[in-house]
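I have placed the structure first, in the form of C-alpha cells, so that the comments after it can refer back to it.
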Number of protein chains: 2
Amino acid sequence: MPEAASPVTDRPADQTAAAIESQREVLLTRLLDYLAQPSVSATGEGFPGATQRAVDELRLAGLTPQVIDTPGRPAVVGHRAGPPGTPTVLIYGHYDVQPAGPRALWNSEPFEPVIRDGRIWGRGTGDNKGQHFAHLQALRMLLETEGGYPCGVTMILDGEEELGSPNLASLVAENRDLLAADVVVWSDGPVHESGRWCVLHGVRGILAVRLTCRGSTRPLHSGNFGNIVANPAWTLVSALASMRDADGHVVIDGFYDDVAPLPAAESAAFAALPLDLEHALAEAGASELDPSHGDLSYYERLGAIPTLTINGIETGDLKRTIIPNEATARLDVRLVGGQDGQRVFAAIQAHVAKVAPDVEVAFEVCVPASRTPLDNPYTPLLADAVASATGEAPLLIPAYGGTLPDYVWTDLLGTPSLGLPIANVDEANHAPNENLEVERYLTGIAISVAALRVLGARREVVA
Amino acid sequence: MPEAASPVTDRPADQTAAAIESQREVLLTRLLDYLAQPSVSATGEGFPGATQRAVDELRLAGLTPQVIDTPGRPAVVGHRAGPPGTPTVLIYGHYDVQPAGPRALWNSEPFEPVIRDGRIWGRGTGDNKGQHFAHLQALRMLLETEGGYPCGVTMILDGEEELGSPNLASLVAENRDLLAADVVVWSDGPVHESGRWCVLHGVRGILAVRLTCRGSTRPLHSGNFGNIVANPAWTLVSALASMRDADGHVVIDGFYDDVAPLPAAESAAFAALPLDLEHALAEAGASELDPSHGDLSYYERLGAIPTLTINGIETGDLKRTIIPNEATARLDVRLVGGQDGQRVFAAIQAHVAKVAPDVEVAFEVCVPASRTPLDNPYTPLLADAVASATGEAPLLIPAYGGTLPDYVWTDLLGTPSLGLPIANVDEANHAPNENLEVERYLTGIAISVAALRVLGARREVVA
C-alpha cells in the first residue's frame, strides 16, 4: 500500500487538512460568535448590526467589502483580485436567517449556539451562515498563509434570501460589473440524501397562479337556491380536473412544449444517483411513489419535468349547507430548464378561458429555472477539489427539485453556477434545533481551499 | 253589486274578522308579552321559563298541556277533543328561537318587542312564535265564543327546531297515539315571494356527506416532493368533477333512479306559480339562472329534482408552496320525494369507490324529503279557509326547496302535512330586526279560525 505510506503533508489537501485540524478550536469559536449575531430578515431582529457583522467578516477574510442597499435588507459584496489571468469565482450566500420560532421547541437558545454531539446547534448553522462561513474561513486561511488567493474572488451575501430575495434580480442587473465572474459557487441546502457530497447544476423555477371563480354576492342557502344559482366550487373543480388526464399528465396545451429534452449525459447522471426509496418515502410520510410518472426515475421526476401542484383550495364551509359564493385555488408549477414562466402562465390562462371562462387566472410570482450544463468547464474542477479534500468524487446532480433565484447568475449574467452544499441532510433548516455537523463545516473549509486552488490552476487553461 | 251590499256580518269569516278587529289591541299585547320571554335553544337563555310559558299559553287556548322531555330542550304538547266524528288536526310549531346575535345590528331590543311601521319587531316574531301564536289565539277565541273547537286539535311546540330538531323523530315515534291526527298543519317560513298566501305540500330532504382523501402525514415541499408524492387535492378534485357531466347533470349511477316522476297536477301547479325572476336573482345576488337545468322551470328546479351541492372544500394553503396532505369536501344533496337518502349515499359511495378508491366517503346526516299529494282531501279545505279569510285562493306549492323534519308526520305517522306560512317574505328570520307584519298576524288568526271551522265541517264527509 504505497499511497498510505507516503507522508501526509506531501499533498496540498493534506496540508490544508492538517492546518484546519490545528486551528479547529478557533475556526469553531469564530463560527459560534458569528452565529450569535441574530439576522432575522423577516422581523429585522439583529439588523443593522447583522449587516455590519457581515462586512467585518468579509474584511477579515481579505475581501474589500461594500454594502449594497436595497428596498429591503442590504446585501454585502466583497472582492479581491486573483493573480493575473486567473478566473474569478463569485461565491453566493446569505447572512439573513429564518425566525427562531417557538423557543420551547429548541433544546438550546437559537442565538446562543453550542456544540453538542459533534454538531453546532443554533439558528443559521446550516442555513446559511455555517456554509458561507466555511468559504470565508478558507479565504482567511489562504490570506494568512499565502498573502492572497489563488484566483479572483467576489463574495455576495444576500440579506433577504429568507424573504425570497425580492430585490436580488434588480441588484444583480444594476451591478453587472461588480458581480462579473467566470463561475458562481453557492453552498446552501444539504448534501445528497445519501450523505455524499455533490455538485448541483440547476434548480427548478416556480410559477404560482391563483384561480378564482365568483358566484353570487354571498353564500346562499343550498335548499332555497340549489339548482337555481350556479355553484362556483363545481366550476373550479371542473376547471382543475380538466388540467390532467387519468395518468396525471398535464393536458394543458403547450404545458410541456419548452421542456428541454434531457441530454444523454444528464439522463445518465440522474440514473447514477444513489436512491434509498423506502427511506425517502418514509421521510415524506408517504407510502408509495406518485403513480402519475411511472415512466420516469425518481430524480428525473424532480429535475427533468415540471410539476403542476394544487397548493390549496378554499371555498365554502364544511359545516354549513350553503352554496359558496367564491372558490379559489392556488397552484404552483415547478419549472424546468427551457420553460418560460410567462408562456406557461399564458398556456394555463388559455386553457381555463376555453374550459371555464368564468374562472379568473391571476399571476402571483415567477422565478425561472436555472441550468448549468454538466459539461461546463468548472464541474471537473470542483469535483477534483471535493475528491482531493474528501477522498471521494462528488455526485453530479443535473438539477434539483426546489427553487432558488439561481437564474440571476445563469440567465441574467450568463455565468455558470454550481451548488456545493455543505450541510448535513438533517440540518433542520427553517425548523427548531437547526444544526451543522462539525466535521462537515471543517471539511467544507478544506473543499473551499481546494476549489480555489484548482480554479487558480486554471490560469494556464484560460490564458 | 249585490254581494258588496250584503251585511258584513252575514258570513262567519266576516264575523271572525270583526271579532279580531275588536280585540286587536289585546291580541297584539298578548303576542308582545309572549315574545318578551327569551327561549334560545342554542344557549339555554330563557329556559326553563320558556317551556313553562308555552305550557301556560296552550292551557289559556283551551288545550290540556303536557311537557315531553327530550335529551335536549323539552317539547310541549296539548290536546282538546273536537265534537264526535270530527277530524283532528295536529298543529306543529316551535317555541325556541335563534340567538339574537349582535345587539348593535338591531334597531330595538330583540327581547323587548315593539310595534313600528305596521310590524312587530323582535326575535321570534316570524320564526316561529308569531306564527304559532296566531293559531293559539284562534283557538282561544273559539274557546271563548263557542266553548270549544269545531274539530279536534293537538298542538306540538318543538323546543329545539333551531338546533335541527335532533330528538323530534324519536319523540314522534314514542308518542304515536298522543300525536295521531288526520292532518298536520304547520306555519313556518314566509308566504310566497309574491306576497300571496300559499299552501305547501312538501319539502326537500337533505343528505350530507364528507369526502376525504389523505396523502402524506404532513404537508410537503412542492419542489422537493412534486411528482414524487401524489397530491390528495388532485384526487379529490377529479373525484368531484367526475360526478357531473358538462351540462351539470349528476352522472352518479342511480342518483336520479328513485326520483318520483312529477304528476301532471304538480307540474301544472309549479307552472302556475307567479315568478319575478329578476327579483329572485337580485335577492340572491346572482346574475343568471344556473345554466345546468335549462329544461326545468324555476320551481321545478327547487321542488322536483334533487341537488348535489359542494358546500365547501378545504385543502392545503393558499400562501405556501406545498403539496397538501389531506383534502376534504362536504356535499349536500337536497332529496326529493321518492328518494331514499341511504340509497343515494350508497350510490355516491359506489361511484367514488370506482373512480377514486383512495377517497373516503363519510355519512354526516340525512333527513328524508316529505311529500303530501296535491289531491289529498285537506288541501281544498285549507284553500277554502284562506279564500274565505283573505278573499283570494292561496297558491298551491307542491314542494319547497329547503328542508324541515316534515317527514316525521308524513313518513313516520303517515299523516298528510300542509304548510300554511303566515310571515311576510322579509321577516328576517335568523337575522337582526326579525319582524312580522301586524296584518299578517291578525289575518293568520282569521285563517286559523276558518280552517278549524272547515275541518270541523268535514264531520259529515268522514262520518
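The values are calculated or read from the model by the stated rules, or taken from the named source; none is laboratory data. For clarity, every value in this text was computed on a predicted model and none was experimentally measured. Cβ coordinates were reconstructed from backbone atoms using ideal geometry, including for glycine residues, and neighbour counts include every protein chain displayed. Ligands, DNA and RNA are stripped out before the accessible areas are found, and what is left, the full protein with its side chains, is counted by its heavy atoms. Shrake-Rupley method; radii C 1.70, N 1.55, O 1.52, S 1.80 Å.
Would you tally the residues in region A:325-380 being outside any strand (DSSP E or B) and not β-branched (Val, Ile, Thr)?
Residues in region A:325-380 being outside any strand (DSSP E or B) and not β-branched (Val, Ile, Thr): 28 in total.
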Residues of region B:299-312 being more than 8 Å from every other protein chain (Cβ to nearest Cβ) and open to solvent by 10 Å² or more (accessible area, probe 1.4 Å), which ones?
B:Tyr299, B:Glu300, B:Ala304, B:Leu308
Evaluate the following for A:Leu382: is it farther than 21 Å from A:Val259 by Cβ, within 19 Å of the chain's Cα centre (by Cα) and of a type outside the set (Val, Ile, Thr)?
yes
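Just checking, does region A:376-385 include any residue being within 28 Å of B:Thr328 (Cα to Cα) and open to solvent by 20 Å² or more (accessible area, probe 1.4 Å)? Break it down into steps so the answer makes sense when it comes.
Here is the first cut: in region A:376-385, the residues within 28 Å of B:Thr328 (Cα to Cα) are none.
No, the conditions are met nowhere in region A:376-385.
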Tally time: how many residues in region A:39-54 are part of a loop (DSSP other than H, G, I, E, B) and of a type in the set (A, V, I, L, M, F, W, C)?
2
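Residue by residue, here is whether (1) under 19 Å from the mean Cα position of the chain (by Cα); (2) crowded, with 24+ Cβ neighbours inside 10 Å; (3) within 30 Å of A:Ser108 (Cβ to Cβ) holds:
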residue	(1), (2), (3)
A:Ala393	no, no, no
A:Asn435	yes, yes, yes
A:Ala446	no, yes, yes
A:Val454	no, no, no
Of all strands (runs of 3 or more DSSP E) fully inside region B:55-120, the set with 2 or more residues that are in contact (Cβ under 8 Å) with a residue 24 or more places away in the chain and among the hydroxyl-bearing types (Ser, Thr, Tyr) is B:88-94
Restricting to region B:169-187, count the residues that are of a type outside the set (S, T, N, Q) and within 14 Å of the chain's Cα centre (by Cα).
3
Which ones in region A:212-234 are under 25 Å from B:Arg320 (Cβ atoms) and surrounded by fewer than 22 Cβ atoms within 10 Å (Cβ to Cβ)?
A:Thr212, A:Arg214
Go through the residues of region A:306-319 one by one and say whether even a single one is closer than 20 Å to B:Arg218 by Cβ and among the hydroxyl-bearing types (Ser, Thr, Tyr).
yes
Which residue, of B:Pro261, B:Pro190, is open to solvent by 10 Å² or more (accessible area, probe 1.4 Å) and closer than 30 Å to B:Val449 by Cβ?
B:Pro190
The correct count of residues that are within 27 Å of A:Asp384 (Cβ to Cβ), in contact with a Ser or Thr (Cβ under 9 Å, 6 or more places away or on another chain) and of a type outside the set (D, E, K, R) in region A:416-448 is 17
Look at A:Val114 and say whether it is of a type in the set (A, V, I, L, M, F, W, C) and open to solvent by 10 Å² or more (accessible area, probe 1.4 Å).
yes
For region A:392-445, name all the residues that are charged (D, E, K, R) and either within 14 Å of another protein chain (Cβ to nearest Cβ) or closer than 30 Å to A:Val365 by Cα (or both).
A:Asp406, A:Asp411, A:Asp426, A:Glu427, A:Glu434
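Residues are listed down the side, and each one gets a yes or a no for (1) more than 7 Å from chain A (Cβ to nearest Cβ); (2) open to solvent by 40 Å² or more (accessible area, probe 1.4 Å):
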{"residue": "B:Ala272", "(1), (2)": "yes, yes"}
{"residue": "B:Gly285", "(1), (2)": "no, no"}
{"residue": "B:Glu288", "(1), (2)": "yes, yes"}
{"residue": "B:Ser297", "(1), (2)": "yes, yes"}
{"residue": "B:Glu314", "(1), (2)": "no, yes"}
{"residue": "B:Glu326", "(1), (2)": "yes, yes"}
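Being open to solvent by less than 40 Å² (accessible area, probe 1.4 Å), within 21 Å of A:Leu163 (Cβ to Cβ) and in contact (Cβ under 8 Å) with a residue 24 or more places away in the chain is true for just one of A:Pro398, A:Pro368. Which residue is that?
A:Pro368
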Take the conditions open to solvent by less than 50 Å² (accessible area, probe 1.4 Å), at the interface with another protein chain (Cβ under 8 Å from one of its Cβ atoms) and at pLDDT 95 or above and apply them to B:Ile322. Does it pass?
no
